[in-house]
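The values are calculated or read from the model by the stated rules, or taken from the named source; none is laboratory data. It should be emphasised that the depicted structure is a prediction, and the values quoted were computed from it without experimental measurement. In this analysis, Cβ positions are derived from the backbone assuming ideal geometry, glycine residues included, and neighbour counts consider all displayed protein chains. Ligands, DNA and RNA are stripped out before the accessible areas are found, and what is left, the full protein with its side chains, is counted by its heavy atoms. Shrake-Rupley method; radii C 1.70, N 1.55, O 1.52, S 1.80 Å.
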Amino acid sequence: MRILITGASSFVGKHLVSMLLEEGYEVFHLVRVSKGLENELVWDFKSDIPEGLPPCDAVVHLAAYVYFGSEMNIDQYNVNTVSTIKLSSYAKSHKAYFVMASMAGIHGSKQTIVGIDTPVAPENHYALSKYLAEESIKTYVDNYSILRIGGIYGLDGPQHLLLNKAISDAVHKRKTPVLNGTGNAKRNYVCVLDVAQWILALIQKYKASNKKTKETLYLASKEIMSIEEYLQTIADVILRNRRLIRTDGKETTDWVIVTSEPPFKLRTFKGYLNSLI
């Protein structure tokens, strides 16, 4: 089975590609800048799909331009929206299954519990570009899984999620996590390895059944923790029960995602951290 993937070197992508290759899938990469990968084609994410790309059975679209600023950036729409329209057309022409990494943030931040019945309310261009991408898939693709994902945690993950900075600083620099405010707000972030494994499971399910799939899934952990609990767990596991550094800070509200039923047992936060030591 041939898999076309964007964002192969991303936080999730590098783990997913490793899993796909281990399972014997043939992987083709669409990249903006050459990385010397096998079966690699360079694409600017706005022109036509490059020539020479063979028909693939599934498309996994992970590439994203992450920017939360208020001003419009056309490159963000090229990567997040225009590329999805182009890939949707490619998937339809080859009857390929399409998996897209979207974001639960398209619902905005005013809801404390987010799920399938929560109104869509993008608050920035990043969220809007992802919502428009979702709609293009629903319009053009016959088989798809749209993944609305909350925060993804893991070692060396994107540091716009401050939990990733806390994990990486503790592991690499032995730095104690800093808690701003009370940290009472609840979250249910999902492990990067679980996201990669979830996508692999979706591809395997599609390959086995070959049934028409049109679904929007919510990827998050079933383990709900306060921000203080996340940081204290880092201090306990990685730094051997070190006390948090506490400072005054702006309080935040709960933001919990009603997760779709995972096809396997998800990792706990403590379990993941233990795997790092």
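List of remarks:
- Scoring 240-246, 84-90 by mean Cβ neighbours within 10 Å over their residues and listing the highest first yields 84-90, 240-246.
- Residue pairs exceeding 20 angstrom between C-alpha atoms, taken from Lys175/Lys270; Lys165/Lys265; Lys92/Lys211: Lys165/Lys265.
- Whole-Å distance, taken between Cα centres, linking segment 250-269 and segment 118-134: 20
- Longest DSSP-loop-exposure-free segment, GluC sites (Glu not before Pro), the chain, at most 14 other Cβ within 10 Å: 72-250
- For segment 192-200, 3J(HN,Hα) computed residue by residue from phi via the Karplus equation (6.51, -1.76, 1.60; θ = phi - 60°) reads 4, 5, 5, 5, 4, 5, 5, 5, 4 Hz, glycine and proline entered as x.
- Sulfur and carbon atoms: percent of accessible area, the chain [1.4 Å]: 51
- Between the beta carbons of Asp236 and Ala185, assuming R0 = 22 Å, the FRET efficiency works out to 0.65 to the nearest 0.05.
- Three semi-axes of the equivalent ellipsoid, the chain, Cα gyration tensor, whole Å, largest first: 32, 21, 18
- Straight-distance crosslink candidates among lysines, where the alpha carbon sits under 20 Å from Lys110 and sequence neighbours closer than 8 are dropped: Lys130, Lys186, Lys250
- For the chain, calculated [θ]222 nm from helices alone, where every DSSP H run of n ≥ 4 adds -39500 (n - 2.57): -9000 deg cm²/dmol
- Alpha carbon centroid spacing (whole Å) that separates segment 16-62 from segment 167-198: 30
- Projected label points at Ser209 and Ile245, each 7 Å from Cα along the beta carbon direction, are separated by 4.9 nanometres.
- Between Ser168 and Thr268, the contour length at 0.36 nm per residue exceeds the Cα-Cα span by 34.2 nm.
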